[in-house]
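Down below is the structure, laid out as structure tokens.
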Amino acid sequence: MNESPKGKNHKSPNQATNSKIHGVGRLTIDAVLAITDIVESMHKRISPLSTEKSPSEKERLSGISGLVYRNIRNVTEWVGKGMDVPLAAISKTLATQPDSASAQTLLAALNGVLGDHLVLSDNSLAIPMHFRKDGQILDDAQLCEVINQNNGKLMIMLHGLCMNDLQWCREGHNHGAELAKELDMAAIYLHYNTGLHISDNGKQFAVLLQYLVNLTDKPLDINILAHSMGGLVSRSALNVAEKCGHKWPKQLSKLIFLGTPHHGADLEKAGNWIDLILGAHAYTAPFARLVKVRSAGITDLRYGNVQESDWNTIERFKFSGDKRLPMPLPENVQCFAVATSANESINNPLGDGLVRVKSALGEHQNPAFNLRIPEDQKWLGTDINHMQLLNDPKVYQVLKVWFEIA
């Protein structure tokens, strides 16, 4: 019997809710401490710039102010140890409607921005990776039932950064649900912490897919539809599976990318430029720390890092340029890519608003990085932004045609 990668600790709804409230408390404390560090750093940097400062004023900054900063930290930690009530809007939402769409959206956003920190600090707000349907975790029996009902034909949906599986439904439309209905396949949804390194999520996804394959003797016909970051996680998982000798890639038929930043997303690159500019001046350097409150998953999007070797030798906020190693797509899987422009011009420099067209199509001026997706397996649309990829009717029709190809 295979041991489930999902873990053995299962909590009651009340326990899970209380755990999340405590997690918000811990996260709030961490934020206060971080801001205290930033303010203290600013004072230390600004004070030497004054030429008319008296000894008493200097003493206040070095002695009294230092004591104040220490006390803020001590009191914050002390309050945090006994914190057991909902905090602000986050706690209220989690306490009153923990399974609601708004609470799930809130948790997904928190994980996207701070997910690596949540895991490192063992915070209960961290999202574990699971297959889900209708927002509920699928256990082994339910997964087997899905496989049997659809004769092993599966479509696995991967969401993007700061999102969750429920957000595949946009303005009443869900690509997965509609395609499953029309093409006689089952749609299951991956729910994961988008703040982790893409390579870490890739490892988890590869293991979870292998576990899925091992649940049944029935051969599977696996197809993946991935939005944005989800496409990079899928590519990373394939790379891991190849190195580990997993069986599931041989049962993967199609991999379709929707607005995936194969060669990076410009907004994260802009964030890296802000780091560089702010860090260059004594006055502004402390603010660079605020810009750095973004997860490993977000910084991986700068260049489209999919392998651990792409990032593990580089300080992730350092402006170091693209250090990736080439990683081609698998030859035995049909790969497709949708790219769009947010306005009427296909030459829009910002593409769909987050991902440039060439990045979404896997095209690169260096042949080693060009993903070489066949031209008839690419589609370029206009007047469709990054989020509209999830419900645009033209995109849906393209997906349907591609999934119908033998």
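The values are calculated or read from the model by the stated rules, or taken from the named source; none is laboratory data. Since the model is a prediction, treat every value here as computed from it, not as a measurement. Please note: Cβ atoms are built from the backbone with ideal geometry, for glycine as well, and neighbour counts cover all protein chains shown.
Among the listed residues Gly321, Gly381, which satisfies the condition of being over 17 Å from Gly230 (Cβ atoms) and surrounded by 15 or more Cβ atoms within 10 Å (Cβ to Cβ)? Spell out how you get there, then give the answer.
On the way: Gly321 fails: surrounded by 15 or more Cβ atoms within 10 Å (Cβ to Cβ).
Going through Gly321, Gly381 in turn, the sole match is Gly381.
The set of residues in region 94-146 being farther than 30 Å from Val213 by Cα and in a strand (DSSP E or B) is empty. Here Arg324 meets the list (1) out of contact with any helix residue (DSSP H, G or I) (no Cβ under 9 Å at 6 or more places or on another chain); (2) part of a loop (DSSP other than H, G, I, E, B) almost entirely, failing just condition (1).
Apart from one condition, Ile346 fits all of (1) modelled with pLDDT under 90; (2) part of a loop (DSSP other than H, G, I, E, B); the exception is (1).
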